[in-house]
Each structure stands twice: as C-alpha cells, then as structure tokens.
1. List the residue pairs whose Cβ atoms are under 9 Å apart, where the first residue sits in the stretch 90-118 and is in contact (Cβ under 8 Å) with a residue 60 or more places away in the chain and under 30 Å from Ile151 (Cα atoms), the second is among the basic types (Lys, Arg) and surrounded by 12 or more Cβ atoms within 10 Å (Cβ to Cβ), and the two are 6 or more positions apart or on different chains.
2. Would you check if Gly28 is of a type outside the set (Val, Ile, Thr) and either within 29 Å of Tyr155 (Cβ to Cβ) or touching a strand residue (DSSP E or B) at 6+ places or on another chain (Cβ under 8 Å) (or both)?
3. Checking the condition touching a strand residue (DSSP E or B) at 6+ places or on another chain (Cβ under 7 Å) and crowded, with 19+ Cβ neighbours inside 10 Å, which residue from Pro125, Pro137, Pro103 passes?
4. For the stretch 1-18, which residues satisfy the criterion of being touching a helix residue (DSSP H, G or I) at 6+ places or on another chain (Cβ under 9 Å) and either surrounded by fewer than 21 Cβ atoms within 10 Å (Cβ to Cβ) or without any contact (Cβ under 8 Å) to a residue 60 or more places away in the chain (or both)?
5. Note down all Cβ pairs under 8 Å where the first residue falls in the stretch 65-76 and is without any contact (Cβ under 8 Å) to a residue 24 or more places away in the chain, the second is in a helix (DSSP H, G or I) and buried (at least 17 other Cβ atoms within 10 Å of the Cβ), and they're at least six residues apart or on different chains.
6. Inside the stretch 19-50, can you point out the residues that are touching a residue at least 40 places away in the same chain (Cβ under 8 Å), of a type in the set (A, V, I, L, M, F, W, C) and not in a helix (DSSP H, G or I)?
7. Exactly one of these conditions fails for Gly98: (1) farther than 28 Å from Thr43 by Cβ; (2) within 16 Å of the chain's Cα centre (by Cα). Give me its number.
8. Of all residues in the stretch 1-36, which are of a type in the set (Gly, Ala, Ser) and in contact with an Asp or Glu (Cβ under 6 Å, 6 or more places away or on another chain)?
Amino acid sequence: MNIPGSLLWGFAATIALTTVMAIGQGIGLTRMSIPYLLGTILTPNRDRALVVGAGFHLVNGWIFAFLYAAMLEGTGWTTWWLGAGIGLAHASFVLAVGMPLLPGFHPRMVSEYYGPTPNRRLQPPGFFALNYGYRTPVVTIVAHLLYGAIIGGFYELAGA
C-alpha cells in the first residue's frame, strides 16, 4: 500500500468533501454539519464541538482513505470513476445505515422514539439524513463522489 499517497490524497479528499458539505450547509441545501455532529459526540461545548469535530473528521477521512486505497490495490488499477463508485457506495451506506444508527451512540442526540431531554437536544438525522433537509442526501452523495474521485484519480498503486 502506498502510505504517503493515502495520507496525501486522503487529506486532500477530506478537505474537498468537507468543503462541499460546508458550502451545501452555507447556501441552505442542508442543515447537516458532519464536523459539528462528530464534535458533539466528544464535547458538550457547542463552540468547541466544531473544532474538535473537524479534527475527528480529518482523522476519519484518513482512515477511509486507507480503506479506499486497499480496495484500489485489490483491483490492481485506479481511475477517478472507480474511486467515485467507491464513494457512492460509501455515501449510500452512511445515509442508509450510519445516519439512522447515530442516535444510538451519540450522547447528545434525541432518537426517533424519544424527545429532547436536558442532555439530549440534537435532532436525529433519520433515514438518508432527511431530517436535515430533503437535499441533504444529494449534497452528501456529491461530496462522497468527489472524495472518491480524488483518491481514485490521484492515488498511485504501491507496485506501479
């Protein structure tokens, strides 16, 4: 595995993904902020949550870059469209499975079944994160397509 390539392109792809998600939130296409959601898992301080979550998200981006690299290494070739395909599968799993599971382990998020409490006030994302806006899945998929395309297009196989 090309570790320097995974680190470099994982960083670049994560920055691109996070930027697309932030632009989507900023222009009103979605209310979801992945760094904020991740940060509030670790701290109740809402101001600090965004900073902590951004760091957490970057580390997650690197971890996923190694998974993408392993898949690319397994196929023996890299292309932007193969990376984008992996990104589509990743986004679909996150939206269909990860988002509905989030309230089960997030200490400050209400569930679909129980309302807010003094400690749990964040709205759950729901299936495909539709509780954060009906365009949230589109923004999320586009961001993950870009993430995968960057890794697939620029990552060089270790044996090449």
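1. Close Cβ pairs satisfying both conditions: His106/Arg120.
2. no
3. Within the list Pro125, Pro137, Pro103, the selection yields Pro103.
4. Listed by number, the residues that qualify are Met1, Asn2, Ile3, Gly5, Leu7, Leu8, Phe11, Ala12, Ile15, Ala16, Thr18.
5. Met71/Ile86; Thr75/Leu82
6. Residues satisfying the conditions are Leu29, Met32.
7. Tallying (1) farther than 28 Å from Thr43 by Cβ; (2) within 16 Å of the chain's Cα centre (by Cα), Gly98 fails exactly one: (1).
8. Within the stretch 1-36, just Gly5 meets the criteria.
Readers should treat all values here as calculations from the given coordinates under stated rules, not as data from a laboratory. Since the model is a prediction, treat every value here as computed from it, not as a measurement. Methodologically, a virtual Cβ is constructed for each residue, glycine included, from the backbone with ideal geometry; neighbour enumeration extends over all protein chains shown.
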